[in-house]
Amino acid sequence: MAAMAQLAQPFDYTWLQQVGVVDGAIGRLLVACMLGGLVGLEREVRHKAAGLRTNMLICMGSAFFTLLSGVLAGDGGQNRGQVASNIVQGIGFLGAGLILHNRSRVSGLTSAASVWVIASIGMACGAGLYAAAAVASVVVVFALEVVGFLEHRVSLKGYPLIYEARGRDQTLMLRSVLDAMDKTGERLCGVEKDEIGGLQRICFSLTSTQKKHEQLRAQLTAEPAISQLLSFRDPEED
């Protein structure tokens, strides 16, 4: 009799709503992964600590917590956003771990900010605000790529480069590097010296604008004591 009574009840479509591709829980998680991966791909290409997988997981996790917040509060809950509101605090601790202070400069601020924004995009996906989340993702990629390119192009923001000078006389090379730094108005610090097979090598790092880097490169290249000059992107660049 109990089985017959259950069969007589209307069919429960709740589980179909949860797995809905467009507006269901699984659909929101998939969209969060996609948008988080879009921003994460840009970070991965630039070899940042918070790359593709990290941004995907943060975005999906934020969306999932947003969904669970209403479920755990229940239909009669007074604060359906209690769990979701703590995402901001949790992401703040995660972003703080990306910020480093070393060699008289601070790095990781952009990575920390991108992680914080990614969490908000995930929360928007969890709330079903797909259009707003998509626009926010495009704005983030635009800020990271286009605005970052313009900052370097018009010398608005300095960026670090590692210089490696090679030659036969280390003393003359050091004097040449010091003279070139003086002419460009920069201070020489953190010099590393070594010798490989009779070839002297001097390495140092400089954070400056593109215009100053070009001036220094021209000065060092013209020095007769330096037979070869190489420059590398600093792995700690923000």
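The values are calculated or read from the model by the stated rules, or taken from the named source; none is laboratory data. In this text, all values refer to a predicted model and were calculated from it rather than measured experimentally. Here the Cβ positions follow ideal geometry from the backbone for every residue, glycine too, while neighbour counts run over all protein chains shown.
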Residues in region 57-74: is at least one outside any helix (DSSP H, G or I) and modelled with pLDDT under 90? yes
Kindly indicate which of 115, 146 is more than 21 Å from residue 92 (Cα to Cα) and either at pLDDT 90 or above or in the same structural domain as residue 31 (by TED's automatic domain parsing) (or both). 146
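Of 205, 231, 227, 176, which residue is touching a residue at least 60 places away in the same chain (Cβ under 8 Å) and touching a helix residue (DSSP H, G or I) at 6+ places or on another chain (Cβ under 8 Å)?
On the way: 205 fails: touching a helix residue (DSSP H, G or I) at 6+ places or on another chain (Cβ under 8 Å); 227 fails: touching a helix residue (DSSP H, G or I) at 6+ places or on another chain (Cβ under 8 Å); 176 fails: touching a residue at least 60 places away in the same chain (Cβ under 8 Å).
Residue meeting the stated conditions: 231.
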Test for residue 176: is it under 30 Å from residue 63 (Cβ atoms), among the polar types (S, T, N, Q) and in a helix (DSSP H, G or I): no
Which one of these is among the charged types (D, E, K, R), touching a Lys or Arg at 6+ places or on another chain (Cβ under 8 Å) and exposed (fewer than 12 other Cβ atoms within 10 Å of the Cβ): 186, 195? 195
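Please tell me if residue 93 is under 19 Å from residue 24 (Cα atoms) and modelled with pLDDT of 75 or more.
no
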Across region 118-143, which residue is surrounded by the most Cβ atoms within 10 Å (Cβ to Cβ) among those that are touching a residue at least 24 places away in the same chain (Cβ under 8 Å) and either within 30 Å of residue 188 (Cα to Cα) or β-branched (Val, Ile, Thr) (or both)? 118
Can you name every residue in region 119-173 that is in a helix (DSSP H, G or I) and not hydrophobic (A, V, I, L, M, F, W, C)? 120, 122, 126, 130, 137, 145, 148, 151, 152, 153, 170, 171
